[in-house]
Amino acid sequence: MHSPGPVVTGLNLIKNMNYFLVSTNHLETRILFQDEEDFKAAMNYVAVVTSVTGVKVLAFVLMSNHVHFMLCCTRELANSFTVRFKTAYGRYFRNKYGTGNLMRRNTVDIKDVVSQYEALEKAIAYVQMNPVAARICLHSTGYRWSTGNVFFNLNREKGMPLSSLSVRAQQRLLKSEAQLPQNWTVGREGYVLQESYVSVNFVEKLFRTPARMNYFLNISSKARLIEGRNNPSFRDQIVQEACVDLCRTMFGSDSVEPLEKEEKKELLRQLKRRFCADINQLGRTTGLRPEEISRLFESF
């Protein structure tokens with residue numbers, strides 16, 4: 001299947017396009033995706049919003065408390081893409097968890113990325129390396145909720161075309177009434193495969209070879225965050241689940257909020273010891289603000 005992205009005949013063509021790195025802020029006391037169902041819903045919303053807006057997606061990553069998109073379009077379309085994605089996933093999250101305004105409060109930064117001085121390659125590598133910097137996986141290709149395994153991959157999943165599903169089945173799958181191109185494919189895990197709508201040809205021709213892409217991944221600012229961090233890392237979803245379990249078994253509570261100061265201290269101590277969780281991860285998974293956690297740590 002051919003990528004819907006633009007065909008690159010040379011770097012001169014790249015210079016005539018506009019590129020934007022779209023990033024949401026890092027939530028301190030919540031996570032955006034509580035389980036795999038949430039990630040899959042968000043992956044499908046990326047496909048839906050890409051189809052509706054017509055932007056060229058060069059790379060993206062869905063992290064537990066923030067997202068990044070590398071887009072080729074106008075600034076107006078970049079903003080429209082962001083608003084539509086936040087609206088769609090925010091509605092899904094509210095309907096599932098009964099919590100409103102999660103995405104509305106999550107502010108967005110849209111940065112221009114120039115096509116000169118290898119800035120575009122560096123920005124794409126930055127996006128791809130987020131899960132590696134978070135110590136979730138050894139290489140960007142190991143993270144499903146991104147474009148990490150899309151480029152220079154000779155063993156891509158083939159999937160089945162959307163046309164093989166009824167209109168109603170497509171709407172249930174996508175949680176949207178939008179009409180996507182019927183040659184786009186759905187993978188075995190139940191979301192539209194990234195290579196259906198990501199500009200794969202564009203990015204591969206930009207980097208030219210797998211080795212050159214790997215070079216930019218290794219020199220990324222995100223890669224430098226890994227140096228000196230030898231402790232194991234656990235996904236936010238695992239730590240959050242453990243937090244709920246510890247609250248129930250240790251304190252007979254369904255949440256962190258009603259715990260007394262000493263109980264919170266013990267909970268934090270257990271999570272830090274068992275999962276090597278830092279203050280930021282403890283904040284996301286317990287709902288406590290980082291400054292409160294710092295004060296509790298100081299009284300250990």
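The values are calculated or read from the model by the stated rules, or taken from the named source; none is laboratory data. Remember, it's a predicted structure, so these values are computed and weren't measured experimentally. Neighbour counts run over all protein chains shown; Cβ positions are idealised from the backbone, glycine included.
Could you go through the range 146-155 and let me know if any residue there is within 25 Å of Ala88 (Cβ to Cβ), touching a strand residue (DSSP E or B) at 6+ places or on another chain (Cβ under 9 Å) and either of a type outside the set (Val, Ile, Thr) or outside any loop (DSSP other than H, G, I, E, B) (or both). The answer is yes; a qualifying residue exists.
No other residue among Tyr92, Tyr97, Tyr117 is among the hydroxyl-bearing types (Ser, Thr, Tyr) and surrounded by 14 or more Cβ atoms within 10 Å (Cβ to Cβ) apart from Tyr92. Candidates are the residues of the range 47-86 that are of a type in the set (Ser, Thr, Tyr) and at pLDDT below 95; the one that is surrounded by the most Cβ atoms within 10 Å (Cβ to Cβ) is Ser64. Gln128 meets all of the listed conditions (1) in contact with a Phe, Trp or Tyr (Cβ under 9 Å, 6 or more places away or on another chain); (2) closer than 28 Å to Asn201 by Cα; (3) surrounded by fewer than 20 Cβ atoms within 10 Å (Cβ to Cβ); (4) not acidic (Asp, Glu) but one, namely (3).
Restricting attention to the range 104-126, the residues being in contact (Cβ under 8 Å) with a residue 60 or more places away in the chain, in a loop (DSSP other than H, G, I, E, B), over 30 Å from Arg212 (Cβ atoms) and touching a helix residue (DSSP H, G or I) at 6+ places or on another chain (Cβ under 9 Å) number 1. Checked against (1) under 18 Å from Ala47 (Cβ atoms); (2) crowded, with 20+ Cβ neighbours inside 10 Å, Leu217 passes all but a single condition, namely (1). Restricted to the range 158-169, and to residues there that are surrounded by 14 or more Cβ atoms within 10 Å (Cβ to Cβ) and in a loop (DSSP other than H, G, I, E, B), the residue that is modelled with the highest pLDDT is Leu165. For the range 138-160, which positions are under 14 Å from Phe60 (Cα atoms) and of a type in the set (S, T, N, Q)? Scanning the range 138-160 gives Ser140, Thr141, Ser146, Thr147, Asn149.
So, Ser140, is that one at pLDDT 90 or above, surrounded by 14 or more Cβ atoms within 10 Å (Cβ to Cβ) and under 23 Å from Asn280 (Cα atoms) or not? So Ser140 fits the description; yes.
What is the residue count in the range 43-96 for residues that are among the β-branched types (Val, Ile, Thr), assigned to a helix (DSSP H, G or I), closer than 12 Å to Val22 by Cα and under 15 Å from the mean Cα position of the chain (by Cα)? Selection size over the range 43-96: 1.
For the range 70-83, state whether one or more residues are under 16 Å from Ile124 (Cβ atoms), touching a residue at least 60 places away in the same chain (Cβ under 8 Å) and in contact with a Pro (Cβ under 7 Å, 6 or more places away or on another chain). The answer is no, given that none of the residues of the range 70-83 is under 16 Å from Ile124 (Cβ atoms), touching a residue at least 60 places away in the same chain (Cβ under 8 Å) and in contact with a Pro (Cβ under 7 Å, 6 or more places away or on another chain).
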